[in-house]
Each structure stands twice: as C-alpha cells, then as structure tokens.
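The values are calculated or read from the model by the stated rules, or taken from the named source; none is laboratory data. Note that the structure is predicted; figures quoted are calculated from it, not measured. When we count neighbours, we look across all protein chains shown, and the Cβ atoms used for this are built from the backbone with ideal geometry, even at glycine. We work out accessible area using only protein heavy atoms, side chains counted, and drop any ligands, DNA or RNA first. Shrake-Rupley method; radii C 1.70, N 1.55, O 1.52, S 1.80 Å.
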Number of protein chains: 2
Amino acid sequence: MGVSVAGPAGRGRPLRNGRGLLDRQAIVAAALAVARTEGLPAVTMRRIADELGCGPMSLYRHVADRDALVLEMLDVVAAGIDVPPPSPDPRAELTGLLTAVHAALAVDHWAVLPLVAEGFASPRILPVLDRALAALTRVGLTGRARLAAHQMLWQYVFGELLWTHHDQPDSLGKRMVRAASPQDFPAIADAVRTASVHPAENFPENLQRLLDGVLGGGSR
Amino acid sequence: MGVSVAGPAGRGRPLRNGRGLLDRQAIVAAALAVARTEGLPAVTMRRIADELGCGPMSLYRHVADRDALVLEMLDVVAAGIDVPPPSPDPRAELTGLLTAVHAALAVDHWAVLPLVAEGFASPRILPVLDRALAALTRVGLTGRARLAAHQMLWQYVFGELLWTHHDQPDSLGKRMVRAASPQDFPAIADAVRTASVHPAENFPENLQRLLDGVLGGGSR
DNA sequence: ACCTGAACACCGTTCAAGT
DNA sequence: ACCTGAACACCGTTCAAGT
C-alpha cells in the first residue's frame, strides 16, 4: 500500500485550490466544467472526485449531497446573469430582464432542467422576478391578471429554452418530424424545409410578439 | 430451490395477460400505473417486473430497453388525446388542438419531461402538428413567420405544463419565493398573496392572449 | 478532530446457463 | 427455441475505521 494499486487512472494532478486544498469552490468549478462539456448527468460525485484527484467521500466534507452541489452550480449561473440597469419603460424593462436570463441559460443550457423539473433556484433570481412584476404593475396589471402575465412570460422563456437550446440534434421527436410523409403531412414537410433554411433563432421577435399581447391589452 | 428463498416480497399475483401470459401490453399498463401514482422515476425495470411477478430480464423479451418502454407509454398518452374535429376558423382550430394536448399532459404530467428533455414523441402527434401549421397558414403566415408562431405556441404550452402542473408542491424554488422578504421584494410578496387566493389556473385565458399576439398581427 | 475506504442499496443491461 | 438468474458496471450515500 502507499504506492496505490494502479487506481482507475485519471487521478492525475491535484486541480483543487490555490494551496492544493480541496474546498467547495474547487468542487463547484470542477462540476461546472463537466456539466458544460458533457451535460448535467455526467456530474456524478464519483466523476467530480476523480476530476479533483480524491475519493468520492471527500466531497461530502464540503457539500451536503448532490442536490446541494447542483444548487451551488445554479447559483454561479445566476450570478453570471448580465442583469440590465432598471428602465422606466415597462417593455424595455421586461425585454431586458427576460433576455438576460434567456441568454445566461442558453449558454448553460444544462441548468434549465433542474430549474423547471426539480424546482431548484438560486435566491439571486429574486430581484429579477421582483423587477419584472413591478414592470407589469406599471402597465396597469394587478392581482390575478398580473400574476398570469408574469407566469406566461417565464413559461414561454423556459419553454423556448427547452425546445430550442437542447443538445439533442437527433432526438427521436426531431427525426420523426423530419421523416414525416409529405403526402400525409404537407404542412409539416413544408415547415421542415423552411426550418432547414433558417436557423430557428426566433426568441427576440417572439418575445416582442408575446409582450404585444401582454402589454397591449392592458388589464383583462 | 423451488420454494424460493423468501424473495423480496411483493411478487404476488400474476397481473399479466388474460391468459396469464406476459406481453408488451401488460408491461406498458403496469408501467403506466406506476408512473401515474409515483412518477416516471419510479418506473424501473426491476419495479415493473416485481409488479408483474417476474424477473427483470423477462421484460426484455417484449421491450428493447427502458427507453422503448417509456416511448410505448407516451404512445398510450398520445392515443388518449381528445383531438377535436377540424374547424374552419383558425383560432378555434388552434385553441382546440392546443387545449386537447394540454389537457392530456396535465393529467399524465409525468410525460412532459421525457417529451421536452429527451425529445421523445409518439407519431400519433403528427396529425395534430400538421393541423396546427395548416391553421397558421390560413391566417396568412408562411415560411419563417409561420414556423416561429408554431414554435411559440407549443413552447408556451410545455412551459406552462412544466411550471404549473408539476407535483412538487414544496420545491426549493417555490419555498424561496414564498419566503421572500416583503421589504426587499414587495412585488413578489404581493404576487404570493394573490397566488394563495386564486388557484393559478390561467392556461385558457393566457392561451387566448397568446393567440391574440400570433393571429392579430397577421404576417410579420 | 478530521478525513476517507469499504460497504450497502439501488439502477440498466449483458451474457451464459438453464428449461 | 425460448426464457431468465447471476453478474457487471454504474449510481448516491451511510458507517465505521483509519490518520
């Protein structure tokens, strides 16, 4: 013992801290790197431990469990949101906030699933939500109507992120749509053709159309 | 052997087929029952096998793997969509189609995640997609604008399903929002108050507002 | 006191042995 | 030929043994 029995390889250099010590920040950084290159499912306790050159159990000294680690990762993403300065114009305010969150999550698309599926979230998002709600108040929306408008906006943003910015270029659903018979489904075949021409980046204009509906109508 | 060494219990009655035989339909039915009561993560090969009183490997005679089983389950959900008869009015047509899909997935909410996250889908949905695209054509939308409108509609529907119809009543995100300080985040605190009064069923009216934006504007 | 290896209870699936 | 138990390669995490 001591020489190690030819461990599973990959142990390598101690990435870790500046002083060679393992701390939470180093763990989160390693986990983020893996999530960005290979997706969140690749972030296993064993894999991150290997990445840092330690045993899986050493991680539990610094994070309570895997969920806590993912939460910490989401906090870093939230901290990276380029929150715009407040605007007095409600449409500009909402456009700025929604676009900033959308941009951050389009880059770190692995973060979308734990946010919507597990209901994870960083407290850093609270100021953004508060400003969005305040902007809706300024256009005359209150109570249930304001809440409905708020939910609708975020629901669309996350729906867009899930459908468009997902690293499954050849998922079963997409293949199915592409293979749809032009005789039976002429509109689908036509849509597939236009989709292959245009790169499907419709978020900015769709967001404006959505804001048309939300802001244009006023209350009710 | 033969008496079984006190197996993990739960083997019980052979649910199975009418003639006591194991077939694909019985497997899918058992998996659906588990998914509906305990969620999709509870649908493991071992669990379904236990439910049917057989070993895990017996399932592989009838389904290729777990993904194929989930796909079969989604096919049953798609078959259950109460697709409305065609309507000449585009708004009525789109409302009917989107509402039907939304209703089916609000009941089987476990199905939403594999649809959006893994890109799974049943071919049964193709006629619905084709009719929706055709309705958009009838209001004068073509090419990229039509595709953008189509995506926007479905993205909203799935975003709504993920945010609202998820069986996490006490997710971290929801708790965080409820616990938001009224001094720092007055608009959030106000929204939480109105949300506790009204049961947050905004899909029908939000869909109409979305259709206002999509259909009202016409092309571009 | 601090850290971590062995072990446990899961998972999907391969492969070879049963009938 | 058909079916399936044992085994493999994973997973998160507990618990007790190391320093």
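Looking only at residues in the stretch A:177-193 that are at the interface with chain B (Cβ under 8 Å from one of its Cβ atoms) and either touching a residue at least 40 places away in the same chain (Cβ under 8 Å) or within 16 Å of B:R124 (Cα to Cα) (or both), which one is farthest from the chain's Cα centre (by Cα)?
Taking the candidates together, the pick is A:D184.
Only one residue in B:D130, B:D108 is acidic (D, E), outside the structural domain of B:R36 (by TED's automatic domain parsing) and over 26 Å from A:F203 (Cα atoms). Which one?
B:D108
If B:G96 satisfies all but one of (1) away from chain A (no Cβ under 14 Å); (2) open to solvent by 60 Å² or more (accessible area, probe 1.4 Å); (3) more than 16 Å from DNA strand D (Cβ to nearest atom), what's the number of the condition it fails?
Looking at each condition in turn, B:G96 falls short on (2).
Do the conditions hold for B:A78, that is, is it more than 10 Å from DNA strand D (Cβ to nearest atom) and open to solvent by less than 60 Å² (accessible area, probe 1.4 Å)?
For B:A78, the condition - more than 10 Å from DNA strand D (Cβ to nearest atom) and open to solvent by less than 60 Å² (accessible area, probe 1.4 Å) - is met.
Can you name the condition, by its number, that A:D89 falls short on among (1) more than 16 Å from DNA strand C (Cβ to nearest atom); (2) within 14 Å of another protein chain (Cβ to nearest Cβ); (3) modelled with pLDDT of 95 or more?
(2)
Could you tell me whether B:L69 is open to solvent by less than 10 Å² (accessible area, probe 1.4 Å) and at pLDDT below 95?
Here the answer is no, as B:L69 does not meet what is asked.
Sort out which residues of the stretch A:39-66 are within 7 Å of DNA strand D (Cβ to nearest atom), touching a Lys or Arg at 6+ places or on another chain (Cβ under 9 Å) and either assigned to a helix (DSSP H, G or I) or modelled with pLDDT under 95 (or both), and write them in order of number.
A:M45, A:P56
Determine which member of the set B:A68, B:A78 is more than 23 Å from B:L211 (Cα to Cα), free of Cβ contacts under 8 Å to residues at least 12 places away in the same chain and hydrophobic (A, V, I, L, M, F, W, C).
The unique qualifying residue is B:A68.
B:N206 is checked against (1) under 25 Å from B:P90 (Cβ atoms); (2) open to solvent by 10 Å² or more (accessible area, probe 1.4 Å); (3) at the interface with another protein chain (Cβ under 7 Å from one of its Cβ atoms); (4) in contact (Cβ under 8 Å) with a residue 40 or more places away in the chain and fails just one. What number does that condition carry?
(2)
Answer yes or no as to whether B:R131 is open to solvent by 70 Å² or more (accessible area, probe 1.4 Å), touching a residue at least 12 places away in the same chain (Cβ under 8 Å) and touching a helix residue (DSSP H, G or I) at 6+ places or on another chain (Cβ under 7 Å).
Values: open to solvent by 70 Å² or more (accessible area, probe 1.4 Å): no; touching a residue at least 12 places away in the same chain (Cβ under 8 Å): yes; touching a helix residue (DSSP H, G or I) at 6+ places or on another chain (Cβ under 7 Å): yes.
Answer is no for this residue.
Kindly indicate the residue of the stretch B:36-66 that is of a type in the set (G, A, S) and within 12 Å of DNA strand C (Cβ to nearest atom) and also most open to solvent (accessible area, probe 1.4 Å) among those meeting that condition.
Only one residue fits best here, namely B:A64.
Scan the stretch B:13-34 for residues that are more than 15 Å from DNA strand D (Cβ to nearest atom) and either assigned to a loop (DSSP other than H, G, I, E, B) or at pLDDT below 80 (or both) and jot them down. Reasoning before the result, please.
The initial filter retains those residues of the stretch B:13-34 that are more than 15 Å from DNA strand D (Cβ to nearest atom), namely B:13, B:18, B:28-29, B:31-34.
B:R13, B:G18 - these are the residues of the stretch B:13-34 that are more than 15 Å from DNA strand D (Cβ to nearest atom) and either assigned to a loop (DSSP other than H, G, I, E, B) or at pLDDT below 80 (or both).
Could we say that B:A31 is buried (at least 18 other Cβ atoms within 10 Å of the Cβ) and either touching a residue at least 12 places away in the same chain (Cβ under 8 Å) or away from DNA strand C (no atom under 13 Å from the Cβ) (or both) here?
So B:A31 fits the description; yes.
Of all residues in the stretch B:135-176, how many are more than 28 Å from the chain's Cα centre (by Cα) and at the interface with chain A (Cβ under 7 Å from one of its Cβ atoms)?
1
Please give the number of the condition A:P114 fails out of (1) more than 8 Å from chain B (Cβ to nearest Cβ); (2) within 20 Å of B:Q151 (Cα to Cα).
A:P114 satisfies every listed condition except (2).
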